[in-house]
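Trainee: First, the structure itself, so that you have it in front of you.
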Amino acid sequence: SPAKINLRLKIRQRLEDGYHQIETIMQPIDLCDTVRLEWTDGPAGDVELVCDLPDLPTGESNLAVRAANAMLGRFGETAPGKLLITLEKRIPVGSGLGGGSSDSAAVIRGLDRLLGLRTDETELMTIGAEIGMDVPFFIGCRPSRATGRGEWVRGISPFPETHLVLLIPGFGVNTSWAYGAWKSSLTGKKNEAKLPAFFRGSES
């Protein structure tokens, strides 16, 4: 369940539903959580999440649990028991690296495999978009350009392999708060992004 970085993020406008229209280039990186799924004794359709991070919510507010409920609600007729999700966290919470979205995408892909569904990737992305706007990216999990609210994902050519340094300040920033605090006057109208030039020719 890998983390991601945004090589570019441009916020276009705030929409009536509270989301923002964006344009971003996202790249998965090696830092990852580990998600394990298994059937246990209990009512079919029930979901339990166990995490090694004590403060992480494990109920309905957790994106991985919501993803499991969304999949089981659609395809869970053949589930042999309760689903146990074991989550080992390495991606810092509130870091903007997409840990929660990636975990939920891993649950969607994992349940698709456990239930023997072989669902089309586009349909899995549609389910993921109901959970969070970054989830469709993690379903495909490849360098991508995302637009709309982030749910419209188009793969791009791989970037050159390179090293990067992640600086984590020791505290998290809530994504909803960050977008809510955004003001259009903070960024100019011109496209002055420098980083894509480093990967010139990478877009297909």
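The values are calculated or read from the model by the stated rules, or taken from the named source; none is laboratory data. None of the values given here were measured: they were computed from a predicted structure. Neighbour counts are summed over all protein chains in view; Cβ atoms, including those assigned to glycine, are modelled from backbone coordinates with ideal geometry. Just the protein is used for accessible areas: all its heavy atoms, side chains included, with ligands, DNA and RNA removed. Shrake-Rupley method; radii C 1.70, N 1.55, O 1.52, S 1.80 Å.
Trainee: Could you run through region 29-86 and say how many residues are of a type in the set (S, T, N, Q) and open to solvent by 80 Å² or more (accessible area, probe 1.4 Å)?
Mentor: Kept after step one, since they are of a type in the set (S, T, N, Q), are these residues of region 29-86: 34, 40, 58, 61-62, 69, 78, 86.
Checking which are open to solvent by 80 Å² or more (accessible area, probe 1.4 Å) leaves us with 61, 78.
Selection size over region 29-86: 2.
Trainee: Test R142 against the criterion of being under 17 Å from the mean Cα position of the chain (by Cα), basic (K, R), modelled with pLDDT of 90 or more and assigned to a strand (DSSP E or B), and give yes or no. Quick ask: steps written out before the conclusion?
Mentor: Values: under 17 Å from the mean Cα position of the chain (by Cα): yes; basic (K, R): yes; modelled with pLDDT of 90 or more: yes; assigned to a strand (DSSP E or B): no.
Answer is no for this residue.
Trainee: While we're on this one: Taking into account only those residues within region 59-76 that are under 17 Å from the mean Cα position of the chain (by Cα) and part of a loop (DSSP other than H, G, I, E, B), which is modelled with the highest pLDDT? Working first, answer last.
Mentor: Just the residues of region 59-76 that are under 17 Å from the mean Cα position of the chain (by Cα), to begin with: 60-71.
If we keep only those that are part of a loop (DSSP other than H, G, I, E, B) as well, we get 60-62.
Numbers: E60: 91, S61: 91, N62: 95.
Here the answer is N62.
Trainee: If you don't mind, there's one more thing I want to ask. Just to be sure, is M125 in contact with a strand residue (DSSP E or B) (Cβ under 7 Å, 6 or more places away or on another chain), of a type outside the set (G, A, S) and more than 20 Å from T34 (Cα to Cα)?
Mentor: Numbers: in contact with a strand residue (DSSP E or B) (Cβ under 7 Å, 6 or more places away or on another chain): yes; of a type outside the set (G, A, S): yes; more than 20 Å from T34 (Cα to Cα): yes.
Spelling it out, M125 is indeed in contact with a strand residue (DSSP E or B) (Cβ under 7 Å, 6 or more places away or on another chain), of a type outside the set (G, A, S) and more than 20 Å from T34 (Cα to Cα).
Trainee: Also, I was wondering about something else. Go through (1) outside any loop (DSSP other than H, G, I, E, B); (2) of a type in the set (K, R); (3) under 18 Å from I168 (Cβ atoms) and name the single condition R90 misses.
Mentor: (1)
Trainee: Quick one: which residue in D112, D103 is farther than 30 Å from F171 by Cβ, of a type in the set (D, E, K, R) and touching a Lys or Arg at 6+ places or on another chain (Cβ under 9 Å)? Write out each step before concluding.
Mentor: Working: D103 fails: farther than 30 Å from F171 by Cβ.
Matching residue, one of D112, D103: D112.
Trainee: In region 96-113, is there at least one residue being at positive phi and not in a strand (DSSP E or B)?
Mentor: yes
Trainee: For region 1-18, enumerate the residues that are crowded, with 16+ Cβ neighbours inside 10 Å and over 16 Å from L97 (Cα atoms).
Mentor: I11
Trainee: I'd like to know if region 151-161 contains one or more residues that are open to solvent by 30 Å² or more (accessible area, probe 1.4 Å), among the polar types (S, T, N, Q) and either part of a loop (DSSP other than H, G, I, E, B) or closer than 20 Å to L7 by Cβ (or both).
Mentor: Yes - at least one qualifying residue is present in region 151-161.
Trainee: Which pairs turn up if I take residues in region 120-132 that are farther than 13 Å from R109 by Cα and look for partners that are open to solvent by 70 Å² or more (accessible area, probe 1.4 Å) and at pLDDT 95 or above with beta carbon separation below 8 Å, at least 6 apart in sequence or on another chain?
Mentor: Listed by first residue and then by second, the contacts come to I131/R66.
Trainee: Go through region 108-163 and report how many residues are closer than 20 Å to E60 by Cα, aliphatic (A, V, I, L, M) and out of contact with any Asp or Glu (no Cβ under 9 Å at 6 or more places or on another chain).
Mentor: 4
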